[in-house]
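Visitor: Handing you this structure, nothing more for now.
The values are calculated or read from the model by the stated rules, or taken from the named source; none is laboratory data. On a predicted model such as this, the values are computed, not experimentally measured, just so you know. In this analysis, Cβ positions are derived from the backbone assuming ideal geometry, glycine residues included, and neighbour counts consider all displayed protein chains. The area values use the complete protein model at the heavy-atom level, side chains included, leaving out ligands, DNA and RNA. Shrake-Rupley method; radii C 1.70, N 1.55, O 1.52, S 1.80 Å.
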Amino acid sequence: MTHPFSRTLRRRFIAVSGGTAAIALLAGCAGGSSGSDASAPQEGGDLTFLIDSLGDTWVPNNGSISSFQGHIFDHITDKLVYVDENGQASPWIAESWEQNDAATEFTLDLRDDATFSDGSPLDAEAVVANLDAWAFGDPENGINPIGLFPKTYEQAEAVDEQTVRVEFSAPTLGFIPTLGYHGSILVSPETLELPVEEQADLDNIVGSGPFVVDSWKEADNVVLTKRDDYDWNPEAFDREGPANLDSLTYKQVAESATRTGAVQSGQAHVAYNVTPKELAGLEQQGFTIGLPQYLGFVEGLRLNARIAPFDDVKVRQAFQHGIDREDLLSTVYTDGWAAAESFIQSNVPEATDHSEAFAYDPERAEQLLDEAGWTPGADGVREKDGKRLEVTLYSNPYIVTGAAVDELIAQQLGRIGFDVSIESYDVVTYGERVIANADLSNYPVSRSFVDAGTVASILTDENNGEDWFGVGTSDETLTRLQDEIAQATDADTRAAALDELQAYVLEQAYFIPRTQMVQRIYAQSPDVDGVTYNALAYANYTGAWLND
């Protein structure tokens with residue numbers, strides 16, 4: 001884990017990582033790269049990707065769902081199926097699959113030529129070990145199950161070397177697309193057996209992907225080199241053989257301006273999570289802007305109905321109607337972002353438009369607060385029973401606009417009588433103080449999924465669900481809809497229940513949509529071609545190349 005950053009751009013990164021001095025240097029080199037015509041794929045080259053964080057853990061089950069580690073895991077591991085940006089699943093390590101009419105039993109047929117980078121076979125036994133790890137984790141070893149993996153999973157067995165049978169306790173229509181979720185990465189059984197502290201060492205993660213870990217340094221960089229014998233690309237890629245590029249280097253550079261400047265000066269090829277306001281200038285200079293919209297939840301807040309003041313539905317609804325989302329879009333974002341229509345993204349196949357339920361209406365918001373007994377105090381902040389209407393927002397560190405959005409919302413809600421404060425942390429501190437803190441009144445959401453059937457399983461605490469709104473199973477309507485979605489055996493029945501669920505959650509103001517989610521923002525040199533984006537909006541460089 002301690003190999004120093006040592007690729008072809010090393011000397012240049014000495015300047016990049018030098019803070020203010022580096023910014024000045026880079027500004028002097030700015031001017032952009034000339035565009036290049038589309039060309040045939042070229043072999044070789046070292047691509048450098050600047051990222052704002054490398055996250056807080058490399059334990060696959062515990063960290064792969066973050067927007068940072070997923071970039072690395074997507075290149076050193078494979079998945080059983082590939083899911084595109086429209087939610088369509090297609091063959092990868094699983095060449096085909098079947099299910100019974102009740103959607104309780106699935107059979108996966110695996111390709112017979114895939115191996116892990118240590119030479120061991122990626123066979124049925126290995127897949128069974130991974131399915132068990134995704135479903136159950138290893139609690140005694142501090143390893144979590146995957147959050148969105150079906151809670152109905154019972155067991156899997158290796159029928160033969162290339163066939164796996166999977167059984168569920170109830171209908172699980174979303175099983176196949178969930179195999180393309182970025183948490184569902186295949187690692188060797190030997191890796192799964194390691195204690196948690198050894199899984200946290202990226203050198204010990206053995207996958208079957210087109211790249212392997214060459215070196216890494218915590219909170220600094222990860223260098224991947226291509227695997228020459230790789231020849232099991234997803235069918236959707238329509239390509240054979242190993243990657244074109246020799247290496248991928250992920251370099252942590254905290255400041256957006258520094259990342260942008262490095263790409264403009266040719267010191268790096270991709271800047272991740274640049275601010276929206278930088279995009280227009282970059283595009284004018286010939287850079288490629290990637291704003292892939294992933295399948296998942298919109299950017300918003302889930303409110304804890306157990307914690308004051310959000311234990312009153314009228315206060316939740318007032319909060320909902322007090323946010324001017326058009327103002328957010330025009331002030332913080334660019335044309336690449338769209339207004340939310342529900343609490344799930346509009347490109348999710350079962351998403352339906354419920355935007356009227358949370359439309360900006362400050363007069364209605366004030367009326368709701370009046371009805372809830374909150375009256376304006378001398379300074380404009382509403383009060384009730386001697387308490388002020390105070391709310392703290394916890395800015396989402398996974399999106400570059402997190403703090404700016406919260407600041408604008410604080411102003412908007414202040415005009416109707418809320419006193420809103422903001423707390424901002426880095427990724428690691430945010431994980432310690434905010435994530436999984438059940439005593440907070442609200443929690444920002446920027447989370448992806450590949451199948452909407454998994455949505456219901458996390459809204460209550462039924463079957464070890466995540467209980468997003470703090471209601472447990474006390475809300476009978478929410479629980480009923482959750483069960484109807486989980487138990488559906490056909491797509492039409494499930495879609496109808498999902499439509500009702502969206503309407504109900506927004507009517508109760510359990511979730512406060514803000515904007516459609518574009519969490520992964522890429523500013524890319526025109527020298528880079530052949531990049532693809534999957535359902536989770538991760539950039540994949542397996543088929544990419546660098547033009548001369």
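Visitor: List the lysines whose Cα sits under 22 Å from the Cα of residue 226, skipping any in the same chain fewer than 8 residues away.
Guide: List returned: 79, 217, 251.
Visitor: For residue 367 and residue 112, FRET efficiency with R0 = 60 Å and r from the beta-carbon atoms, rounded to 0.05?
Guide: Details: r = 66 Å, r/R0 = 1.10.
Taking R0 as 60 Å, the efficiency between residue 112 and residue 367 is 0.35.
Visitor: Of all alpha-carbon pairs in the chain, indicate the percentage at a distance above 34 angstrom. Could you put the intermediate results ahead of the total?
Guide: Working: 60146 of 149878 pairs.
When every Cα pair of the chain is considered, 40 percent fall beyond 34 Å.
Visitor: Determine the distance separating the Cα centre of region 143-158 from the Cα centre of region 422-462; give it in Å without decimals.
Guide: One Cα centre to the other: 20 Å.
Visitor: Which percent, nearest 5, of DSSP beta bridges in the chain are antiparallel?
Guide: Details: 59 of 72 bridges.
Of the beta bridges lying entirely in the chain, close to 80 percent run antiparallel.
Visitor: If packing is taken as the average count of other Cβ atoms within 10 Å, what order do 374-381, 99-106 fall into, highest mean first? Display every interim value, and only then the final one.
Guide: Values: 374-381: 13.8, 99-106: 15.9.
Put in order of decreasing packing, that is 99-106, 374-381.
Visitor: Further question on the same structure: Would you kindly derive the ³J(HN,Hα) couplings of region 52-58 from the backbone phi angles with the Karplus curve 6.51 cos²θ - 1.76 cosθ + 1.60 (θ = phi - 60°), listing them in order in whole Hz, with x for Gly and Pro?
Guide: 6, 7, 10, x, 10, 7, 9
Visitor: With a 1.4 Å probe and all protein chains left in place, how much of the accessible area of the chain comes from carbon and sulfur atoms, in whole percent?
Guide: Values: 9290 of 21030 Å².
Whole-percent figure for carbon plus sulfur exposure: 44.
Visitor: How much net charge surrounds residue 371 when only the other residues with a Cβ under 11 Å from the Cβ of residue 371 are counted, with Lys and Arg +1 and Asp and Glu -1? Numbers along the way, then the final one.
Guide: Numbers: positive: 314, 364; negative: 312, 366, 370.
In short, -1.
Visitor: Quickly rank 240-248, 114-122 as a protection proxy: mean count of other C-beta atoms within 10 Å, highest first. Don't skip to the answer; put the middle values down first.
Guide: Numbers: 240-248: 20.0, 114-122: 17.0.
By packing density, highest mean first, the sequence is 240-248, 114-122.
Visitor: Over 5 Å intervals from 0, what percent of Cα-Cα pairs in region 187-250 sits in each interval?
Guide: Result returned by the calculation: 4, 17, 21, 21, 19, 12, 6, 1.
Visitor: Moving on to the next point. Ordering 388, 239, 415, 382 by accessible area with a probe of 1.4 Å, largest first, what comes out?
Guide: 415, 388, 239, 382
Visitor: Right, something else. HN-Hα J couplings of region 91-107 from phi, Karplus 6.51/-1.76/1.60, θ = phi - 60°, integer Hz, Gly and Pro as x?
Guide: Result, ordered by residue: x, 9, 5, 7, 6, 7, 7, 9, 9, 7, 5, 7, 6, 10, 9, 10, 10 Hz.
Visitor: As an exercise, use a Förster radius of 41 Å and the Cβ-Cβ distance of residue 428 and residue 160 to find the FRET efficiency, rounded to the nearest 0.05.
Guide: Values: r = 45 Å, r/R0 = 1.09.
Rounded to the nearest 0.05, the efficiency is 0.35.
Visitor: Please calculate the 1.4 Å probe accessible area of residue 366, with all protein chains present, and give it to the nearest 10 Å².
Guide: 70
Visitor: On the first, second and third principal axes, largest extent first, how far apart are the outermost C-alpha atoms of region 154-282 in Å?
Guide: Cα spread of region 154-282 along its principal axes, largest to smallest: 55, 33, 31 Å.
Visitor: Please list, ordered by chain and number, the residues whose modelled amide H lies under 5 Å from the amide H of residue 82; skip anything fewer than 5 residues away on the same chain.
Guide: When sequence neighbours closer than 5 places are left aside, the close amide H contacts are 90, 92.
Visitor: Grab the alpha carbons of region 260-317, take their convex hull, and tell me the volume per residue in Å³. Could the numbers behind the result be given before it?
Guide: Details: hull volume 8.5 nm³, N = 58.
Per residue, the Cα convex hull of region 260-317 comes to 146 Å³.
Visitor: Kirkwood-based Rg over Rh for region 300-445 (C-alpha set), two decimals?
Guide: On the way: Rg = 15.5 Å, Rh = 16.1 Å.
When Rh is taken as the Kirkwood radius, the ratio is 0.96.
Visitor: If you bin every alpha carbon distance in region 92-246 into 5 Å steps from zero, what whole percent lands in each bin?
Guide: 2, 9, 16, 20, 20, 16, 10, 5, 2, 0
Visitor: To continue, here is another question. Per residue of region 132-141, what does 6.51 cos²θ - 1.76 cosθ + 1.60 with θ = phi - 60° give for ³J(HN,Hα)? Whole Hz please, x for Gly and Pro, Karplus curve as stated.
Guide: Once θ is set to phi - 60°, the couplings for region 132-141 become 4, 5, 5, 6, 10, x, 9, x, 5, 9 Hz.
Visitor: Using amide H atoms built in the peptide plane, which far-off residues or other-chain residues are under 5 Å from residue 417 H to H?
Guide: Long-range HN contacts for residue 417: none found.
Visitor: At 1.4 Å probe size, with every protein chain present, just tell me what the per residue accessible area of the chain comes to in Å². Could you put the intermediate results ahead of the total?
Guide: Numbers: 21030 Å² over 548 residues.
Ligands and nucleic acids excluded, the result is 38 Å² per residue.
Visitor: Mind putting together the pair-distance distribution for region 396-536? All Cα pairs, 5 Å bins, whole percent per bin, short to long.
Guide: Calculated P(r), rounded to whole percents: 2, 7, 14, 16, 18, 15, 13, 8, 5, 2, 0, 0.
Visitor: Still on this structure, I have one more. For residue 95, enumerate residues with amide H under 5 Å from its amide H, sequence gap 5+ or separate chain, H modeled in the peptide plane.
Guide: Under 5 Å from the amide H of residue 95 lie the amide H atoms of 109, 110, 111, each far enough along the sequence or on another chain.
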